[in-house]
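The values are calculated or read from the model by the stated rules, or taken from the named source; none is laboratory data. All values reported here derive from a predicted model rather than from experimental measurement. Backbone-built Cβ (ideal geometry, glycine too); neighbour counts: all protein chains shown.
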């Protein structure tokens, strides 16, 4: 796999505040591409939702002023939204790599004349902080069915990967996303946020999605490192590697790391319009099914 192609990043910003307009034509969305930018996207590592840090250089002052927020948890700021798309073919085609709510956005004029806008964002944050009516069920209820019902209310897609357990008489006074987490915790299942999707799996099990194969000839950078629970490695950015999915390492000289692994930590580092900029993924993975203890 060659990395010698022009890399591009595209950002879409959507205003959700009371005066959601970027211009006199009352557009609430602006799309930015072709600028120098750096993006770090992280999933897992103990965090319930994906997060991203964006640094965009040379953005217009009017756009920056509309996006700038240092008090994010207010009625007029909590719904400002960002989508990040990446291109590996010079901008001919783009794929979605992140979307989420803007928590903080602040310009740095210290690097003038090229001002930097730094953005911190978390996926599905609006469903973690926005109050909803309590939810309750009488008698036994299938957890997957209950989560699907909550996802419908959030206008999010639901993905079940073999969760069949039930709970009895649950009462859920929390926010919508916390309702999902509480139901899954009750049966020791895993809930994953990915874009506009909630995926649930039995604990230690993988999602039923495509399994990428990473080898020295297909993007593996250096050598995978064995860890106490699995392995850690870097590779050229690969959007097919997904949190709580499987990944297969093949043909590595570190033979103990060859095989299929469950992704429990995933970071993407993407830079555009930067000479020698990073365009890679870093993966932490464990044995599928969890660590087996010999008795």
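Screening 190, 182 for residues that are touching a strand residue (DSSP E or B) at 6+ places or on another chain (Cβ under 9 Å), outside the structural domain of residue 80 (by TED's automatic domain parsing) and in a strand (DSSP E or B) leaves exactly one candidate, 190. Is it true that residue 1 is modelled with pLDDT of 95 or more and assigned to a loop (DSSP other than H, G, I, E, B)? No, not satisfied. Just one of the listed residues (167, 97) is within 22 Å of residue 203 (Cα to Cα) and at pLDDT 95 or above, and it is 167.
Selection of segment 37-69 for residues being under 15 Å from residue 120 (Cα atoms) and assigned to a loop (DSSP other than H, G, I, E, B) yields 47, 49, 50, 68.
Note on segment 65-88: residues that are modelled with pLDDT under 90 and surrounded by 14 or more Cβ atoms within 10 Å (Cβ to Cβ) amount to 10. Here residue 225 meets each of (1) closer than 25 Å to residue 158 by Cα; (2) in a strand (DSSP E or B); (3) touching a strand residue (DSSP E or B) at 6+ places or on another chain (Cβ under 6 Å) with one exception, condition (1).
Report those strands (runs of 3 or more DSSP E) wholly inside segment 91-142 carrying at least 1 residues which are in contact with a strand residue (DSSP E or B) (Cβ under 6 Å, 6 or more places away or on another chain), exposed (fewer than 13 other Cβ atoms within 10 Å of the Cβ) and not assigned by TED's automatic domain parsing to the domain that holds residue 67.
Values: elements: 95-108, 116-122, 140-142.
Result: 140-142.
Please tell me if residue 150 is modelled with pLDDT under 95 and closer than 26 Å to residue 200 by Cα. Steps first, please.
On the way: modelled with pLDDT under 95: no; closer than 26 Å to residue 200 by Cα: yes.
No; evaluated as a whole, the condition is false for this residue.
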